[in-house]
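No value in this document is a laboratory result; all are computed from the given coordinates. Everything numeric in this text was worked out from a predicted model, so none of it was measured. Ideal geometry is used to build each Cβ from the backbone, glycine not excepted, and the neighbour counts take in all protein chains shown.
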Amino acid sequence: MKGKYSILLRKARTLAGLSLFIFAAAISGLAQLRGITPEDYFSFEFVSDPNISPDGKMVAFVVAKVDKAQNRRMSAIWMVPADGSSRPWQFTTSPQNSTSPRWSPDGRSLAFLSSRPDTASPTSGTPPPTAQVYVLPMNGGEARKVTNLKNGVSLFRWSPDGSKMVVVSRLGPSDAKTSDPKDRSDVRHYKNMDYKFNDSGWFDDRRTHLWIVDAPSGNAKQITEGDDWNDSDPQWSPDGTRIAFVSNRTGKEFDEDRNTDVWTISANGGPLTKISDHDEADGQPRWSPDGKWIAFTGEIHERDHPKIFLAPSAGGAPSTLAANNLDLIPGALEWSADGKSLYFETGVKGELHLFRVDLASKSVNQVTSGPRAVRNVDFNFGTGRMVYMVNDFKHLDDVYTADLNGKSERKLTNFNEALWKQIQFADVGRFTYKSADNWDVDGFVVKPIDWQPGKKYPVLLNIHGGPAGQYGVDWYHEFQVYAAKGYAVVFTNPRGSTGYGQKFERGIVGEWGGKDFQDIMNGLDAALKANPWMDGDRMGVTGGSYGGYMTNWILGHTNRFKAAVTLRSLSNFISDDGTRDGAYGHSPDFGGDIFQKYDLFWERSPLKYAQNVKTPTLILHSDNDYRVPIEQGEQWFRALKHFGVTTEIVFFPRENHNLTRTGEPKHLVESLNWQLYWFDRFVNGNANAVPPDAK
């Protein structure tokens, strides 16, 4: 018995030692994890646009990677089996970007957009190639160029029988000019109020119109025209004889008019039939499977949340609501195969999900769920499956598949997996607090990595743009970067945010710098009270666009913050309203334009309160920002300097309002490093902090 006991004791000691070894190894592994950095952006793989094959067996999607040497993103088409039986592989290999993969109806080929040159060695002075439609057979072979339109293709859709495509391209009077380009004037001449847009830059005289392209031969026929409007979002009727599309045919599209409508036209061209019947924006036309109805989204009053409507496809009859009590913003409409329901995607309380409308009962039900963002859903009703992208606070997008009811979900891709294994991610928590009107407001707190009880941590308040937008459980690179540097992050969805219904979103009316400011500060105070480890004496504030406006406003109304970084920020409503891309676009939120509400516009301009600012402020602005023009950043910088505030301004060449999302990769990373430098210098009090351009 004694010998047996000794053997057991030796085994126990051996197992204990092994356990300690495993535990030590695990701790060692954890110690090797690091926080994410701005420069990790160069290694990210961005997944988008999944498209399931007609037989439901394959999924095509886009992967974009950063080419650091060229300072650009490179996109290619990838494939993965829908049953997850093998790993994904790259399908297109051209050095030019390939995007928008779309299966032919018979599944035998895949069409996509690419800007490949016609020759391997284009001659000097040759204009850069435009994006055209290419088709690649699934049984092997080279991609065949289908379209050859002068100004390229921005969107295309196969006809139901696969014999044709409808494409969107641009055309205008300047395309008909035959004189030598070097003899033409390069001045810009406009007759309308809208002559620039943030993403597009300065408008030319080209408008988007529709062409029908014969898929085998590439022969193209233009079926819509007009110099005073754009045509977009074409959709084939189920029998392939007609096209529904969206256009503002009032002739006032470029003079503040938002009255887009849904129209139909024969696939051979000819007269138009008007389908929608509202004086505000209508869009997203989708044919019912039997072709008798068209669903679309529409706004009855300015700045209403759009509703889903149904109208006879023959036209001439009033539209009716497809859903009762819909208080979300529907996007990506899609009919079910049996015509009994409609699907849509939307943001809801800090998440993005798929919803379904039962047309018989007009009820709305949520299909997907969880603390995540679900988007870009593509359906295969024949197999009863759908594919979509999912991201969350600790993961960039990957491709998933599930049944149409959201069940039996399967993850198909694991991009960024190798990088993620090196990273220690911060956690995010949600809390609810009361607004200035006693409404419930969602707030979020990010703990710094390696958080330890009993230790105090500096705090960064981050304010989202819009204000019609929402923060939540999506992937936010910058929040993880802040947390990796030891900051707690607080962000909220104050009034004006989407995802909480029209009353909440339109609660911003008349309240820029008013109750929205109170909502945000209430959220910060609630977070500080619930988390005593946050150091309320070491705080920074930042935000972009509306978040930049609110950062500027906060600085003129409190000195609680040690530092501020304001991005693409508005400082003076008076000058902004006459120079931005959407002229007088603030009118719905102020009850009038600057000529009617001049005193209110100036009262709610941060510039008026520049003399109150004491907080060291870094201003980041883009040269080509047409949404919040560069003069807004310049005015704020010079005013703060005038009043003796420690302030610096950084201009980003070639960038627009979307720098921190789609800007040049190096600029995007630099933007993050400028923020870290400023907060380190003034929140952490590091007198030795070095600006990015001095390293």
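Put in order of Cβ neighbour count within 10 Å, fewest first, the listed residues Ser94, Ser497, Ser237, Ser174 become Ser174, Ser94, Ser237, Ser497. For the chain, what percent of Cα pairs sit more than 50 Å apart? Roughly 17 percent, rounded to a whole number.
Our summary gives the range 326-468 a relative contact order of 11 percent, counting only alpha carbon pairs under 8 angstrom and 6 or more residues apart.
Summing charges over neighbours of Gly585, with a neighbour being any other residue whose Cβ is under 11 Å away from its Cβ, gives -3 when K and R count +1 and D and E count -1. Between the range 374-419 and the range 506-554, the C-alpha centres lie 34 angstrom from each other.
The range 48-68 and the range 281-350 have their alpha-carbon centroids 27 Å apart. An oblate overall shape is assigned to the range 153-283, the ratio a/c of its alpha-carbon gyration tensor axes (a ≥ b ≥ c) being 1.5 or greater and a/b not exceeding b/c.
For the range 457-489 and the range 587-646, compute the distance between their C-alpha centroids and round to whole Å. Here the answer is 23 Å between Cα centres. Temperature 25 °C, viscosity 0.890 mPa s: under these conditions the Stokes-Einstein estimate for the range 428-694, based on its Kirkwood radius over C-alpha pairs, is 132 µm² per second. Do the alpha carbons of any pairs in Lys349/Lys641; Lys529/Lys608; Lys292/Lys362; Lys421/Lys456; Lys252/Lys307; Lys411/Lys503 sit beyond 30 Å of each other, and which pairs? Correct reply: Lys349/Lys641; Lys529/Lys608; Lys411/Lys503.
For Asn688 and Phe651, the FRET efficiency from 1/(1 + (r/R0)^6), where r spans their Cβ atoms and R0 equals 25 Å, is about 0.50. Each Lys or Arg adds one and each Asp or Glu takes one away; over the other residues whose Cβ falls under 11 Å from the Cβ of Lys340, this sums to -1. For a label point 7 angstrom out from the Cα of Ala332 toward its Cβ, which stretches of the range 373-389 have the backbone nitrogen within less than 12 Å? Counting only backbone N, you get 373-379, 386-389. Available extension along the chain between Asn612 and Met74 is 189.0 nm, counting 0.36 nm per residue and deducting the alpha carbon span. Of all aspartates and glutamates in the structure, the ones whose alpha carbon falls short of 12 Å from that of Lys562, not counting any fewer than 8 places away in one chain, are Asp535, Asp537, Asp680. Summing Lys and Arg as +1 and Asp and Glu as -1 over all other residues whose Cβ lies under 9 Å from the Cβ of Asn624 gives a net charge of -2. Taking a straight line from the alpha carbon of Lys145, these aspartates and glutamates sit under 20 Å away, with near neighbours fewer than eight places off in the same chain left out: Asp106, Asp118, Asp161, Asp214. Label sites at Asp214 and Asn405, each approximated as a point 7 angstrom past Cα along Cα to Cβ, lie 4.8 nm apart.
In units of the compact-protein estimate 2.2 N^0.38 Å, the range 85-234 shows a Cα radius of gyration of 1.19. Normalising the average separation of contacting C-alpha pairs (under 8 angstrom, six or more residues apart) by the number of residues puts the relative contact order of the chain at 9 percent.
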